[in-house]
Structure formats: structure tokens, C-alpha cells
Amino acid sequence: MKIIRNPAAMQRQSQRWQREGARVGLVPTMGALHAGHASLIRRARKVAGAKGIVVVSIYVNPTQFNDAKDLRAYPRPLAADKKFCRAEGVDVVFAPKSLYENDASTAIDETAVSLGMEGESRPGHFRGVATVVVKLCNLVQPSAAIFGEKDWQQAALIRRVARDLNLPARIIVAPTVRAADGLACSSRNVLLNESERQQATALWQAIGLARAAVRNGNLRGLKRRLILSIEQHLTAKVDYVEFFDKKMMRPVKPMKGVRMALAVFIGKTRLIDNARL
Ligand code: AMP
């Protein structure tokens with residue numbers, strides 16, 4: 001497994017792959033790798049084939065953080081991540097120290113699917129995400145890039161940016177990997193203490209409640225009831241619960257087939273999840 005830390009070296013490498021006609025699958029991550037990332041890596045291998053190249057990028061992208069404390073607290077276990085990638089059969093880890101010039105003055109703004117939910121709660125977040133994904137695609141030139149359904153709105157944004165800007169990479173979105181109790185795997189889960197980890201099951205429980213309510217047609221005051229049930233947990237504070245149209249991310253009434261997304265602070269840690277009702 002090769003480690004590349006320099007963006008220019010990454011681009012030289014991907015130009016060689018292009019000349020050789022190699023199939024390249026890219027899995028963009030911010031590190032602190034877990035079973036969710038592993039499933040994306042396996043998907044990338046499937047797409048690239050045994051002879052193709054699987055690249056995992058590991059970069060805590062500062063431009064997508066709207067909260068300096070959150071950026072500082074984000075876990076960065078690079079040595080363990082390299083080991084993880086080696087065990088998963090990754091060919092190249094691209095772990096740049098920085099991806100931005102000090103006076104960088106160009107960014108990508110998507111203006112439809114990125115407005116609500118995460119876009120509203122975290123101003124500037126999706127601008128950072130869109131910009132870094134395009135930069136990574138320019139550096140790695142993948143035939144396919146793999147993202148997780150766990151960040152549904154992010155995946156919708158990336159599909160839109162890829163379409164609107166004619167990115168050559170195929171965008172693939174893979175299902176959410178969960179712990180046995182339903183909590184979606186997340187790099188932020190390592191920030192939870194034992195009690196918070198227990199409380200974090202509130203997100204999946206709320207999805208279960210919403211599904212049951214939709215099944216029973218018991219929809220009156222559903223959002224309020226979900227918020228109450230989540231906030232019964234000691235340190236849980238709901239940022240939003242939303243039912244939305246899965247393509248345009250616009251709010252809709254809860255019903256079968258609609259998606260629900262939620263963001264909840266458990267103590268200081270903000271967790272998100274989503275699922276089809
Ligand atoms: P992150 O390192 O959190 O930026 O995530 C990198 C990629 O992994 C994103 O495309 C995420 O959507 C995806 N991802 C994160 N958690 C999961 C999960 N539990 N299951 C599947 N994919 C995930």
C-alpha cells in the first residue's frame with residue numbers, strides 16, 4: 001500500500017493511471033475509519049476490479065466545519081487508519097497535510113439540495129464539502145467515487161454537483177452500516193462516553209417510532225412526539241427532525257416511502273442519521 005501526502009504527487013500518480021487505462025475507485029473520508037468506511041472500500045474494490053486501484057483519501061477538511069471547536073475535537077488516528085486500509089486491501093492512501101493555498105479564493109456553491117437541514121444548521125458546510133470533493137476528483141481522477149447513504153443530503157449534493165459540473169466520476173452511494181443496537185457507525189462515536197453511547201440509540205429508536213407511526217397512520221404531532229422521545233435521554237438535544245423528498249431535500253408530510261433525517265446533540269457530540277419510512 002502506498003501513502004501519498006503531497007497533492008501534486010497524487011495528481012502525477014493519477015495521470016500515470018489514466019495513461020495505463022487503470023480503473024480507479026475513490027473513497028473520500030475524514031479518517032477515524034470504521035465499518036461504514038470499510039463497506040465503501042469493498043464497494044470501491046468491486047467497481048475497480050482486482051486489477052484496478054482503490055484510493056482512500058483521509059483529510060479532515062477544514063472548510064466544511066462551521067465550528068472551530070468541532071474541527072479541533074475531530075479524531076485523527078492516522079497510524080490506525082493506515083493499518084485499517086492495509087487490512088482492507090487499499091492500494092493508495094492519499095492523506096494530504098493541506099489541500100488549500102493560503103489565499104484560495106474559489107469555492108463551489110450548490111443552491112438547491114444543499115439549503116435545508118444540514119445546510120441550514122451548518123452554514124458553509126456544503127460549500128466546503130462540494131469544493132473538497134471536486135478537488136479530490138481533480139487530484140485522483142477516479143472512474144467512480146463512493147459515498148455513504150448515512151450522509152444522505154451530502155450524497156444528493158455530490159450527485160448534483162457531479163451532474164452540473166460534468167465530473168467524469170460515477171457517483172455511487174452505499175447503504176448505512178450500523179452497530180447491533182442500530183446506531184449508525186460514525187467517526188464521532190468515539191467522542192461519546194459510555195452513558196452518551198447508550199443515549200445515542202435515541203436516533204435509531206426515533207426512526208423506529210416514526211416507521212411504526214406511518215404504519216399505523218398515527219401521524220398527528222409526529223415530529224413533536226419524536227423530539228420528546230429523543231429528549232427524554234439525559235443529554236440529548238434535537239437540532240432537527242425532518243421528513244423530506246429524497247431527491248430535492250424539501251420538507252414533505254411523513255408517509256410511507258418518504259425519508260426522515262435527524263440531527264441530535266448527545267452531550268457535545270452532534271450525530272446525524274436518516275432512513276426511509
Ligand atoms: P466521513 O469520514 O465521516 O466524512 O465519511 C466518509 C464517507 O463515509 C462518507 O461518504 C460517509 O457518508 C460515509 N459513511 C460514514 N458513516 C457511514 C456508515 N455508517 N455507513 C456507510 N457509510 C458511511
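The values are calculated or read from the model by the stated rules, or taken from the named source; none is laboratory data. Small disclaimer: the values here were computed from a predicted structure and weren't measured. Using ideal geometry, Cβ is built from the backbone for each residue, glycine included, and neighbour counts are taken over all protein chains shown. Just so you know, the surface numbers come from the protein's heavy atoms only, side chains and all, with ligands and any DNA or RNA stripped out. Shrake-Rupley method; radii C 1.70, N 1.55, O 1.52, S 1.80 Å.
Here residue 171 meets each of (1) touching a residue at least 40 places away in the same chain (Cβ under 8 Å); (2) within 13 Å of the ligand (Cβ to nearest atom) with one exception, condition (1). If you go through the stretch 91-109 and keep only what is open to solvent by 90 Å² or more (accessible area, probe 1.4 Å) and either without any contact (Cβ under 8 Å) to a residue 40 or more places away in the chain or in a strand (DSSP E or B) (or both), you end up with 101, 102, 103, 105, 106, 109.
Of the set (1) in contact (Cβ under 8 Å) with a residue 24 or more places away in the chain; (2) under 16 Å from residue 154 (Cα atoms), all apply to residue 245 but (1).
Can you find even one residue in the stretch 137-144 that is open to solvent by 30 Å² or more (accessible area, probe 1.4 Å) and within 13 Å of the ligand (Cβ to nearest atom)? There is no residue in the stretch 137-144 that is open to solvent by 30 Å² or more (accessible area, probe 1.4 Å) and within 13 Å of the ligand (Cβ to nearest atom).
Condition test on residue 259, is it among the charged types (D, E, K, R), farther than 29 Å from residue 73 by Cα and touching a residue at least 24 places away in the same chain (Cβ under 8 Å)? Considered against the rule, which asks whether it is among the charged types (D, E, K, R), farther than 29 Å from residue 73 by Cα and touching a residue at least 24 places away in the same chain (Cβ under 8 Å), residue 259 comes out as yes. Of the set (1) away from the ligand (no atom under 15 Å from the Cβ); (2) crowded, with 22+ Cβ neighbours inside 10 Å; (3) not hydroxyl-bearing (Ser, Thr, Tyr), all apply to residue 118 but (1). Residues of the stretch 13-24 include none that is within 15 Å of the ligand (Cβ to nearest atom) and modelled with pLDDT of 95 or more.
Of the helices (runs of 4 or more DSSP H) that lie entirely inside the stretch 1-87, those containing 3 or more residues that are open to solvent by less than 40 Å² (accessible area, probe 1.4 Å) and closer than 20 Å to residue 188 by Cβ span 35-48.
For every residue, the table says whether it meets (1) assigned by TED's automatic domain parsing to the domain that holds residue 72; (2) more than 13 Å from the ligand (Cβ to nearest atom); (3) over 11 Å from the mean Cα position of the chain (by Cα).
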{"position": "149", "(1), (2), (3)": "yes, no, no"}
{"position": "155", "(1), (2), (3)": "yes, no, no"}
{"position": "161", "(1), (2), (3)": "yes, yes, yes"}
{"position": "184", "(1), (2), (3)": "no, no, yes"}
